[in-house]
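Every read-out reported here was derived from the displayed coordinates using simple, explicitly stated rules and does not represent laboratory data. Quantities reported herein were computed from a predicted structural model and do not represent experimental measurements. With ideal geometry, Cβ positions are generated from the backbone for all residues, glycine too; neighbour counts draw on all protein chains shown.
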Amino acid sequence: MSATHKAILQKANAAITQGDYEGFLAFCTEDTQWTFVGDRTLHGKEAVRQWMATAYTEPPRFEVHHLIAEGDFVTALGEITLKDEGGKATRHAYCDVWRFREGRMAGLHAFVIEAPLEGG
């Protein structure tokens, strides 16, 4: 299952970078729970949908350095660049630990820190 879970996460992330947030959400369970460690927890697909509407004013750019899978978990290490409403880009280093249930993303623990833009 580990390889399948990695493939699912890669497809879901591809949907996000194309601005297809509903396509991404199709890979999540209805009761998905996302915990942004030290910040907030989102309960359910609708809460994630609302968060994405404000956090992703335009599709983010991902650089996934490592995907590590075991059992029902996939850990992604990488960087994500987001733009705010004013168009200012901010880069973040992240470690996402995804929990899968029945082939869908049921939970996320996200460890995210702001990192300076290269050359900045």
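Numbers below:
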read-out: Given (1) 1.09; (2) 1.01; (3) 1.14, the label whose value is Cα Rg over 2.2 N^0.38 Å derived from this model; value: (2)
read-out: Relative contact order %, the stretch 2-115, counting alpha carbon pairs below 8 Å whose residues are six or more apart; value: 27 percent
read-out: Lys pairs, the chain - Cα-Cα below 24 angstrom, 8 or more residues apart or on other chains; value: 4
read-out: Sequence of 68, 113, 8 once ranked by neighbouring C-beta atoms within 10 Å, starting from the fewest; value: 113, 68, 8
read-out: Spin-label model distance (nm) - residue 17 vs residue 91, 7 Å beyond Cα toward Cβ; value: 1.6 nm
read-out: Range in the chain, longest, excluding exposed GluC sites (Glu not before Pro) [loop by DSSP; at most 16 other beta-carbon atoms within 10 Å]; value: 1-84
read-out: Within the stretch 86-101: backbone nitrogen closer than 20 Å to the residue 66 label point (7 Å, Cα to C-beta); value: 92-100
read-out: FRET E, pair residue 58, residue 2, Förster distance 35 Å, beta-carbon r, rounded to 0.05; value: 0.65
read-out: Chymotrypsin sites (Phe, Trp or Tyr not before Pro) within the stretch 8-50: DSSP coil, no more than 10 neighbouring Cβ in 10 Å; value: none
